[in-house]
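Structure first, commentary second.
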Amino acid sequence: MPIQEPCRFAINAWEAQERFGQSGRRAGIGASVVYLACAPKSNAVYMAYNAAMSDARQSGSLGVAGAFKKCADQADEIAGLR
């Protein structure tokens, strides 16, 4: 499920409780909980995060890539910070 999908449901549930009070809260949040509990999920995000953390532990702190440094320097100059 794309990340936008659960976010949209959570936001809709929040807006319903804001607009309709207790009845909207119960119906909106209840429907969102049931939908999210039954929706297919992907383990890919957790696996990618765990792999990145493992790499970070093994490699330690690495320097910032040159392309990112150049971009940050340019942004600082545009913002008048340099």
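No lab work stands behind these numbers, since they all come straight from the coordinates. Computed from a predicted structure; not experimentally measured.
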Task: Mean separation of Cα contacts under 8 Å, 6 or more apart, over the residue count of the chain: relative contact order % - done: 20
Task: Degrees, to the nearest 10: 44-59 long Cα axis against longest axis of the chain - done: 30
Open item on the list: For the chain, what does the convex hull of the Cα positions come to per residue, in cubic angstrom?
Closed with: 177
Open item on the list: Give me the extension gain from Lys41 to Ser59: residue separation times 0.36 nm, minus the current Cα-Cα distance, reported in nm with one decimal.
Closed with: 3.4 nm
TODO: Enter the angle in degrees (range 0 to 90, nearest 10) between the Cα long axis of helix 66-78 and the first principal axis of the Cα atoms of the chain, meaning the one along which they spread out most.
DONE: 80
